[in-house]
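These notes are about the structure you will find just below.
What follows is calculated from the coordinates using simple rules that are stated; it is not laboratory data. These numbers come from a predicted model, not from an experiment. Note that we place each Cβ from the backbone using ideal geometry, even for glycine, and neighbour counts take in every protein chain shown.
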Amino acid sequence: MRLFVSVALDGLEDEIAAVQEPLADAGGIRLTAPDQVHVTLKFLGDVDGSRVPDLTDALEAAVEETDVEPFTAEFGGLGAFPSDEYIRVVWVGVREGSDDLTRLHEAIERRTVELGFDPADHAFTPHATVARMDHAGGKERVQRALRETDPTLGSREVDSIGLTESVLTDDGPEYTTVERVEL
């Protein structure tokens, strides 16, 4: 199983599609299906299914140690990783709730590393990926969208985190929640 820990953006699908619209015809871009957009708190990679109970226990312990209660996260703004010049990922940022997401990430990071998972190899920036660039054919169009738009997606009540499975298909990844841990 290919697993990660995430927060879904349920209820914001129409807003996500509207943000993606100016990017849709850019060469080299792959849009994330709006109902699949999420905030990744920790990518775990290929995991034997027998480890799911231990992972669920670790996530419950991480949530408990943070004392993060359900909170409202507001999503908006556009950015790119690794930079506006070399675009691999186009994302929507977190305007409100990023501190709580960061605290959850840090606790999940500690608990999963204790279980033998690799530590993250980059700093955590709360975001939701809305598109990926496979080549620079539409780079200028994407750069223009990054410069000229500052969308507000809206808010979502974050009351749980999900242990999520990613299955790679010809049409892109499909995500399924394996376990949900309430805040």
message: Restricting things to Cα coordinates, could you compute the convex hull volume per residue of region 98-147 in Å³?
response: 115 Å³
message: Report the gain in length on full extension from ALA24 to ASP99: 0.36 nm times residue separation, minus Cα-Cα distance, nm rounded to one decimal.
response: 23.9 nm
query: Can you run phi through the Karplus equation (6.51, -1.76, 1.60; θ = phi - 60°) for region 22-36 and list ³J(HN,Hα) in whole Hz, with x for Gly and Pro?
result: x, 9, 4, 9, 5, x, x, 9, 10, 7, 7, 4, x, 7, 10
query: Once the Cβ-Cβ distance between ASP170 and ALA123 is put in as r, and R0 is 45 Å, what FRET efficiency do you end up with, to the nearest 0.05?
result: 0.85
- request: Provide the convex hull volume over Cα atoms per residue for region 85-183, in Å³.
  value: 152 Å³
- line: In order over region 3-14: 3J(HN,Hα) from phi, Karplus 6.51/-1.76/1.60, θ = phi - 60°, whole Hz, x for each Gly or Pro, gives 10, 8, 9, 8, 10, 6, 10, 3, x, 10, 4, 5
query: Amide H to amide H under 5 Å from GLU96: which residues, 5+ apart in sequence or cross-chain, H placed 1.01 Å off N in plane?
result: GLU74
- prompt: Once both labels are modelled 7 Å past Cα along the beta-carbon direction, what's the ARG110-SER155 spacing in nm?
  reply: 2.9 nm
Dipole in debye (nearest 20) - region 1-93, about Cα centre, beta carbon charges: Lys, Arg +1; Asp, Glu -1: 500 debye
- request: Over the alpha-carbon set of region 2-182, work out the extent along each principal axis and list the three values in angstrom, largest first.
  value: 45, 32, 26
message: In whole Hz and in residue order, list the ³J(HN,Hα) couplings for region 96-104 that follow from phi through the Karplus curve 6.51 cos²θ - 1.76 cosθ + 1.60, θ = phi - 60°; x for Gly and Pro.
response: 9, x, 5, 5, 5, 5, 5, 4, 5
Projected-area mean, region 1-88, by convex hull of Cα positions, square nanometres: 7.8 nm²
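Taking 22 Å as R0, compute the FRET efficiency from the Cβ-Cβ separation of ARG147 and TYR86 and round it to 0.05.
Efficiency, from the Cβ-Cβ distance: 0.90.
Extension gain PHE43-ARG2, at 0.36 nm per residue separation less the Cα-Cα distance, in nm? Could you put the intermediate results ahead of the total?
Details: separation 41, 0.36 × 41 = 14.76 nm, distance 0.89 nm.
Difference between extended and current length: 13.9 nm.
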- prompt: Which one of VAL39, ALA131, LEU168 is farthest out on the positive end of the charge dipole of region 2-182, using unit charges on Cβ (Lys, Arg +1; Asp, Glu -1) and the Cα centre as origin?
  reply: ALA131
- request: List every residue whose amide H lies under 5 Å from the amide H of VAL130, counting only residues 5 or more places away in sequence or on a different chain, with H placed 1.01 Å from N in the peptide plane.
  value: VAL90, TRP91, VAL92
- prompt: Can you list the residues, at least 5 places off or on another chain, whose amide H is less than 5 Å from the amide H of GLY154, using H built in the peptide plane?
  reply: PHE75
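Mind putting a number on the dipole of the chain about its Cα centre? Charges go on the C-beta only, +1 for Lys and Arg and -1 for Asp and Glu, and I need it in Debye to the nearest 20. Write down the numbers at each step before the final one.
Working: 16 positive and 39 negative charges, 153 e Å.
It comes to approximately 740 debye.
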